[in-house]
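Undergrad: Dumping the structure here so I can ask a few things about it.
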């Protein structure tokens, strides 16, 4: 019997154009919480996807309990008692909790003695019992689409336990949770460790590692940098190892200097296609020189507020004013021209046309104005000139400059292009939704710097983010949204992140 | 009135099996606009086999019909692999692929019909003459006032289709394969993570889709047309797709829509006869199912929820 | 060889090379088919060209010659090119107008009935009116389809097919009731004044049918190219086609774009219709949709949705379609093989994207291989 339950030796995995894992070797002991620390794109998820059989390594070997194994699919990994909770949950919205959990290993009975029939009654009972046993409360017959993010995560954990997994992989499990939910999750993980399970935690949040992990492997750009005992390593040390240079935790932030009122939202209500009120009677103001941050658990209506202000969604009732001018009924174009810039949450789906060139994408806000076009005829020279300027000013890197098809660019550079394009409009109001999602630390720092700089230049900033750390670091005013309602608006600094978390879960003021 | 029920059923039921086929493909996540082509190829293969068997087994032998139905299912099922190949393996645009499949089907069957006729009897005719399948009347039930027409002069294939529809309802809703198939159309990543094979599931679904559509086409060849010729391409495949949309991708409600289509068609035709209009006017009534479809689409399209992942190719290696 | 092909398919002119490859593969497939049937492919392809006036036939009937065949070919080419431009105009905006044959029939019918049967109208008035009716009727029908799409979320593939059959039955009913020629069972022919083709024009000693449509069609190809390449309107339409959510985000009125794009597509299809029914055929067969509406999709995809590419592609498809009769009489293969070849070409053209992806990842792998080799040497 080997000392290690999992060994991955000299693993290399390439994707077209990049080496995701370069000769990585790790060994994990039974019953420990083993953390994988690294930035976005460092290769943590790829490494674990191979342990879970989603990809096969190009070279190297995997040993479970000292025996070499080859996984062709997640089935093979499941058979070796490995389970994984993915960062993006792999759940079918239209199925019940139980149907999702049993999917792939559905219990069968014989109806009329011969017809194979999926036995949901049995599944429901088994799952109810399992959820009681591990303290993961769920109702087996609820539809996934009706559930909160944290409950969906419980379903994912139960999925592993139902498959009798002994090695549990968690991929960025806290990214979407409130501080209280994070506490709850870490307790669950601790409980699982006490039950003798082995846990692998993928994360870029060092504080969590400090709290729960026994050992920590640090990955950078596909390479294993070091493996440390968490108890013997300081937070600063881990951060420096992860990034590769000394990290400055504290963003320089000048004192806010509020100017005139720019955005006034009054009793705003937005309905979705099923006539359900996704934003309910929301009112707030944003001043020039102010960062107003809206925070809440994913899917509570925050992106809909941004879409309603920019005209992407129809407003059911209420008004939106920009510098006192009512723009409630204005078109998207009219609003943009009257001074709104918008960095949308979905870079690929909304923020750019991926099959257009960088040149065209950088000109999306300008193409219809002179000198970009005259009488409807485009002027390509102006497009070229403008995009070259922006590429220079915002340090946008791409293969072929303005002629690059945006689809082939890295996420960070795509985001730079969008932010550059929007900031360049010199708008009075700039709306940022999830501006740093998926970016690495250097890029995040850069975006934060830009947001603060625009604030200091006098723009009103509406920042919508799921990253509580980001909200706490940048905002001057915090609005907390729960089920479409703004439960609390407060100057930043008056609430701790735990208090904010309480509001995020719907606790109202007494 | 009886005739309305009889004819409505014999039109609506083949439409239903094609719609069920379309549901299989779409529920698995593959957009299927290729029903028209599938049913045509199915009818072609079945008719060709029938034409070849008639001299051997004797004209009027009813067994030929069942063999032809089976051949139609197999032929269209194989032809559907082309759609699967383009959509699942080649990641082609699934709408384009569907249209390509339809255009190619018309060209293939027209060419090979005349080629086969030339080879068999030396004339380059574009038709296989089949005749109409025998009919039967259910004793007792057919005497029921008003709805007795439903059980009068039935084609045997109507019974076969009803049995098949029930079986395929069971397969989709009560079995492991069905559970994974529906999940593939909603969130293929979930199926993959749970150890299912998304591509295989979709391949099978598209082939089932082809086979069922082929049966539908063969039934039309043996009833409405009494032959196989390019006039098999009457847009019935698209009517089946429309029925699937109104039926909200649900086999039960789609069945209802198909029957409504059937009764609208036969009702219009009987009305034309009852009003004593000259035969030219029948063209106007033949338009009815298409007009009805347009109207239904206008009133009901917005409320529908197609499977979430339909039309999106899936790739395991994609990050 | 493999690498050469991959580089062509991955480079700047990848779309062009994918089409060339599609044509080569089609020719190979068709040759195999002909060989299986015991026919000589070389003779067959030769007679396709002869039928279209690109190569001389062995003998000609009185008053006709190679030039007459060439003009007949242009008579066919004109509506096909217009129809494919109609498809492209919608396709660039992400719309799949497969109802072109219905729109052609609709405009052809209206122009025939209102102008083609008006014996008192002079050519100088009749011809422009025919063109106008073609544009206007197609435009209205296209706009309707676009409206149904954006207002009621009706997929254009389904709505256009339904409308195809409605138009087919409706015009069939009126033709059979009012306008039928009892001998041919098709609609009565139009006046020479209204017809968009001048017949019996003597050129080089032979009788030719000179189509007005071909000039219009080529002109419009350049107009469509200009619209999508050089105007802000075209820029918006392309953005709607590639990513309508982003188009909405940067201020395009997506609904209006969809309606306008379908209106343009319909107008061009209507123009194709009058060129076809009042030029090429000069009569309408009741309850029959022109196969040309579907061939136009092959042309558009083979021309990789570029108007200039469509000019080249429509020539190739026309050679098969127009040359089929002569080929059939000479080689003895059913003329339906023309549609089969077009269909196969469409199939390969639809795989073009995949070929390009395969080529790209092949080159990427080669690149990785060489770079990792270099890495080891270091």
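The values are calculated or read from the model by the stated rules, or taken from the named source; none is laboratory data. All of these numbers come straight from a predicted model, not from anything done at the bench. Neighbour counts are summed over all protein chains in view; Cβ atoms, including those assigned to glycine, are modelled from backbone coordinates with ideal geometry.
Undergrad: Going by the structure shown, is residue B:131 under 29 Å from residue B:224 (Cα atoms), more than 14 Å from every other protein chain (Cβ to nearest Cβ) and in a loop (DSSP other than H, G, I, E, B)?
TA: So residue B:131 passes the test.
Undergrad: Same structure again: Looking at region B:190-206, which of the residues that are in a helix (DSSP H, G or I) and free of Cβ contacts under 8 Å to residues at least 12 places away in the same chain is farthest from the other protein chains (Cβ to nearest Cβ)?
TA: Across region B:190-206, the extreme among qualifying residues is B:200.
Okay, residues lined up against (1) over 30 Å from residue B:315 (Cβ atoms); (2) out of contact with any strand residue (DSSP E or B) (no Cβ under 8 Å at 6 or more places or on another chain):
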| residue | (1), (2) |
| --- | --- |
| B:76 | no, yes |
| B:94 | no, yes |
| B:102 | no, yes |
| B:112 | yes, yes |
| B:115 | yes, yes |
| B:118 | yes, yes |
| B:125 | yes, yes |
| B:135 | yes, no |
| B:141 | yes, yes |
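Undergrad: Here's a follow-up. Filtering region C:93-122 down to residues that are surrounded by fewer than 24 Cβ atoms within 10 Å (Cβ to Cβ) and touching a helix residue (DSSP H, G or I) at 6+ places or on another chain (Cβ under 8 Å), which residue is farthest from the other protein chains (Cβ to nearest Cβ)?
TA: Per the stated criteria, the residue is C:121.
Undergrad: Starting from residues that are part of a loop (DSSP other than H, G, I, E, B) and surrounded by fewer than 18 Cβ atoms within 10 Å (Cβ to Cβ), keep the ones in region A:483-498 and report whichever is modelled with the lowest pLDDT.
TA: A:493
Undergrad: Look at region B:116-143 and say how many of its residues are at positive phi and touching a helix residue (DSSP H, G or I) at 6+ places or on another chain (Cβ under 7 Å).
TA: Residues flagged as at positive phi and touching a helix residue (DSSP H, G or I) at 6+ places or on another chain (Cβ under 7 Å) within region B:116-143 amount to 0.
Undergrad: Looking at C:284, C:297, which one is in contact with a strand residue (DSSP E or B) (Cβ under 9 Å, 6 or more places away or on another chain), buried (at least 24 other Cβ atoms within 10 Å of the Cβ) and outside the structural domain of residue C:19 (by TED's automatic domain parsing)?
TA: C:284
Undergrad: If the requirement is being in a helix (DSSP H, G or I) and closer than 27 Å to residue A:7 by Cβ, which of these qualifies: A:218, A:199, A:189, A:225?
TA: Just one listed residue meets the conditions, A:189.
Undergrad: How many residues are more than 11 Å from chain C (Cβ to nearest Cβ) and touching a residue at least 12 places away in the same chain (Cβ under 8 Å) if we restrict to region A:361-377?
TA: Result for region A:361-377: 1.
Undergrad: A further question on this structure: Restricting attention to region B:292-304, does a residue exist that is out of contact with any helix residue (DSSP H, G or I) (no Cβ under 6 Å at 6 or more places or on another chain) and at pLDDT 90 or above?
TA: yes
Undergrad: Separate question: Please go through (1) under 24 Å from the mean Cα position of the chain (by Cα); (2) buried (at least 22 other Cβ atoms within 10 Å of the Cβ); (3) within 29 Å of residue A:259 (Cα to Cα) for residue A:445 and return the number of the only condition it doesn't satisfy.
TA: Exception for residue A:445: condition (2).
Undergrad: Let me ask something else about it. Looking only at region A:346-360, which residues are more than 8 Å from chain C (Cβ to nearest Cβ) and crowded, with 18+ Cβ neighbours inside 10 Å?
TA: Matches in region A:346-360: A:347, A:357, A:358, A:359.
Undergrad: Name the single residue, out of those in region A:75-85 being within 9 Å of chain B (Cβ to nearest Cβ) and surrounded by 22 or more Cβ atoms within 10 Å (Cβ to Cβ), that is nearest to the chain's Cα centre (by Cα).
TA: The selected residue is A:84.
Undergrad: If we scan region C:283-306, do we find a residue that is in a helix (DSSP H, G or I) and away from chain B (no Cβ under 13 Å)?
TA: Looking through region C:283-306, none of the residues is in a helix (DSSP H, G or I) and away from chain B (no Cβ under 13 Å).
Undergrad: Same structure again: Test residue C:145 against the criterion of being within 13 Å of residue C:102 (Cα to Cα) and either assigned by TED's automatic domain parsing to the domain that holds residue C:193 or modelled with pLDDT of 95 or more (or both), and give yes or no.
TA: Against the criterion (within 13 Å of residue C:102 (Cα to Cα) and either assigned by TED's automatic domain parsing to the domain that holds residue C:193 or modelled with pLDDT of 95 or more (or both)), residue C:145 qualifies.
Undergrad: Anything in region C:202-222 that is assigned to a helix (DSSP H, G or I) and within 26 Å of residue C:281 (Cβ to Cβ)? List them, or say none.
TA: C:213, C:214, C:215, C:216, C:217, C:218, C:219, C:220, C:221
Undergrad: Then there is this: Restricted to region A:33-48, and to residues that are touching a helix residue (DSSP H, G or I) at 6+ places or on another chain (Cβ under 8 Å) and closer than 15 Å to residue A:210 by Cβ, which residue is surrounded by the fewest Cβ atoms within 10 Å (Cβ to Cβ)?
TA: Here the answer is A:33.
Undergrad: Moving on to the next point. Is it the case that region C:106-124 has a residue that's part of a helix (DSSP H, G or I) and free of Cβ contacts under 8 Å to residues at least 12 places away in the same chain?
TA: Yes - at least one qualifying residue is present in region C:106-124.
Undergrad: Any residue that is in contact (Cβ under 8 Å) with a residue 12 or more places away in the chain, touching a strand residue (DSSP E or B) at 6+ places or on another chain (Cβ under 9 Å) and on the phi > 0 side of the Ramachandran plot - is there at least one of those in region A:271-279?
TA: no
Undergrad: What do you reckon, is residue A:106 at the interface with chain B (Cβ under 8 Å from one of its Cβ atoms), part of a helix (DSSP H, G or I) and either surrounded by 14 or more Cβ atoms within 10 Å (Cβ to Cβ) or in contact with a strand residue (DSSP E or B) (Cβ under 6 Å, 6 or more places away or on another chain) (or both)?
TA: Here the answer is no, as residue A:106 does not meet what is asked.
Undergrad: Right, another one. Here are some residues: C:311, C:264. Which one is more than 10 Å from every other protein chain (Cβ to nearest Cβ), buried (at least 21 other Cβ atoms within 10 Å of the Cβ), in a helix (DSSP H, G or I) and at pLDDT 95 or above?
TA: Every option except C:264 fails the conditions.
Undergrad: Taking residue B:30, is it assigned to a helix (DSSP H, G or I) and touching a residue at least 40 places away in the same chain (Cβ under 8 Å)?
TA: No.
Undergrad: Looking at region B:174-188, is at least one residue in contact with a strand residue (DSSP E or B) (Cβ under 9 Å, 6 or more places away or on another chain), more than 23 Å from residue A:160 (Cα to Cα) and not in a loop (DSSP other than H, G, I, E, B)?
TA: Yes, region B:174-188 contains a residue that is in contact with a strand residue (DSSP E or B) (Cβ under 9 Å, 6 or more places away or on another chain), more than 23 Å from residue A:160 (Cα to Cα) and not in a loop (DSSP other than H, G, I, E, B).
Undergrad: So, of the residues in region B:265-293 that are more than 9 Å from chain C (Cβ to nearest Cβ), touching a residue at least 40 places away in the same chain (Cβ under 8 Å) and within 19 Å of the chain's Cα centre (by Cα), which turns out to be farthest from residue B:4 (Cα to Cα)?
TA: So, considering only residues that are more than 9 Å from chain C (Cβ to nearest Cβ), touching a residue at least 40 places away in the same chain (Cβ under 8 Å) and within 19 Å of the chain's Cα centre (by Cα), the one farthest from residue B:4 (Cα to Cα) is B:265.
Undergrad: Condition check: farther than 14 Å from residue A:401 by Cβ and crowded, with 21+ Cβ neighbours inside 10 Å. Does residue A:343 satisfy that?
TA: yes
Undergrad: While we're here: Got a number for residues in region A:109-121 being in a helix (DSSP H, G or I) and either touching a residue at least 24 places away in the same chain (Cβ under 8 Å) or in contact with a helix residue (DSSP H, G or I) (Cβ under 9 Å, 6 or more places away or on another chain) (or both)?
TA: 1
Undergrad: Scanning for something more than 14 Å from chain A (Cβ to nearest Cβ) and either buried (at least 24 other Cβ atoms within 10 Å of the Cβ) or at pLDDT 95 or above (or both), does region C:236-258 turn up at least one residue?
TA: Yes - at least one qualifying residue is present in region C:236-258.
Undergrad: Among the listed residues A:444, A:418, A:430, identify the single one that is modelled with pLDDT of 95 or more and assigned to a helix (DSSP H, G or I).
TA: A:418
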